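In what follows, a single structure is set out as structure tokens and then discussed.
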């Protein structure tokens, strides 16, 4: 519902916010006057107690010079950044390595420490992979760096073991079935590596619950691209060579609601998922 603000209150908000913006830029009144193209006395009058408000042109010029929103200066919004700046920051891209081991991803995990991390992996969850699986999967692409990748994943798992973050993982049933049977993407992976990995997953699901929760969904019914939600302030979609990230609160919430949908539609809930892994392990020769 819209409401009117008294002119004196609007003038007070403008004075306060103009002064804060000048201070934040490290400017003097004289510097702002030069940037805007007016006398210093004009800026002094705007900052002096009273009920004077600038005309639309002067308000826009001050906002432009100070790189803030004119709506914010006038008390029409609580967001100081300009709309184009907000849009530029709302969606960003970052280079991505073949394995999710780079400093950017690690910093996102650290930033989300103590909050819920929700993850749909591109294959198996990297953080839960054994050394043998990491080396088999990434050695061709990463060479010697495959060992570094495993060390980085182990560090992330250490954060999880310390229960500083809740970690929810949703992945398609066909991915874990393909891994167990060594078909498709996983064709050629040794039986010993598969058995060790399934044992490792089962152990972690039992040991780390409820901090770690695994859900398995049927991709014939629901689908998801690889995506991770880091707390309430960041969501990252993995495209292969780049991440597309969202920091707009509503967009992050929307991605999180997508994850909620995957969980609601999951064929196996977190406790059932561990039992399903045991069944796959029992079927190995």
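The values are calculated or read from the model by the stated rules, or taken from the named source; none is laboratory data. Bear in mind that the values here come from a model prediction, so they are computed numbers and not experimental data. As a convention, Cβ positions derive from the backbone with ideal geometry for all residues, glycine included, and neighbour counts pool all protein chains shown.
In the range 1-37, the qualifying residues are those that are more than 40 Å from the chain's Cα centre (by Cα) and assigned to a loop (DSSP other than H, G, I, E, B), and the one that is farthest from residue 76 (Cα to Cα) is 37. Residue check: residue 189 meets all listed conditions (1) in contact with a helix residue (DSSP H, G or I) (Cβ under 9 Å, 6 or more places away or on another chain); (2) in a loop (DSSP other than H, G, I, E, B); (3) exposed (fewer than 13 other Cβ atoms within 10 Å of the Cβ) but one, namely (3).
Within the range 266-283, if we keep just the residues that are touching a residue at least 60 places away in the same chain (Cβ under 8 Å) and farther than 18 Å from residue 191 by Cα, the residue that is surrounded by the most Cβ atoms within 10 Å (Cβ to Cβ) turns out to be 273.
Filtering the range 38-60 down to residues that are surrounded by fewer than 16 Cβ atoms within 10 Å (Cβ to Cβ) and within 39 Å of the chain's Cα centre (by Cα), which residue is nearest to residue 71 (Cα to Cα)? Top of the filtered list is 60.
Looking at the structure I just gave you, is residue 259 closer than 23 Å to residue 104 by Cα and surrounded by 14 or more Cβ atoms within 10 Å (Cβ to Cβ)? Here the answer is yes, as residue 259 does meet what is asked.
Can you find a residue in the range 28-37 that is exposed (fewer than 15 other Cβ atoms within 10 Å of the Cβ), over 30 Å from residue 138 (Cα atoms) and at pLDDT below 85? Among the residues of the range 28-37, not one is exposed (fewer than 15 other Cβ atoms within 10 Å of the Cβ), over 30 Å from residue 138 (Cα atoms) and at pLDDT below 85, which makes the answer no. When 223, 215 are screened for being under 22 Å from the mean Cα position of the chain (by Cα), surrounded by fewer than 20 Cβ atoms within 10 Å (Cβ to Cβ) and in the same structural domain as residue 134 (by TED's automatic domain parsing), only 223 passes. No other residue among 201, 208, 160 is surrounded by 17 or more Cβ atoms within 10 Å (Cβ to Cβ), more than 23 Å from residue 108 (Cα to Cα) and within 26 Å of the chain's Cα centre (by Cα) apart from 201. Out of the residues in the range 241-284 that are in contact with a helix residue (DSSP H, G or I) (Cβ under 8 Å, 6 or more places away or on another chain) and at pLDDT below 90, which is nearest to residue 195 (Cα to Cα)? Among those residues, the one meeting the criterion is 246.
If the condition is being outside any loop (DSSP other than H, G, I, E, B), touching a helix residue (DSSP H, G or I) at 6+ places or on another chain (Cβ under 8 Å) and free of Cβ contacts under 8 Å to residues at least 40 places away in the same chain, then the range 158-185 contributes 178, 184. At pLDDT below 95, in the same structural domain as residue 113 (by TED's automatic domain parsing) and closer than 19 Å to residue 111 by Cβ: is that true of residue 238 in this structure? Here the answer is yes, as residue 238 does meet what is asked. The residue that is surrounded by the most Cβ atoms within 10 Å (Cβ to Cβ), counting only those in the range 93-136 that are under 17 Å from residue 230 (Cα atoms) and at pLDDT below 75, is 100. Tell me which residues, restricted to the range 5-27, are surrounded by fewer than 16 Cβ atoms within 10 Å (Cβ to Cβ) and either in contact with a strand residue (DSSP E or B) (Cβ under 9 Å, 6 or more places away or on another chain) or over 20 Å from residue 55 (Cα atoms) (or both). Result: 23, 24, 25, 26.
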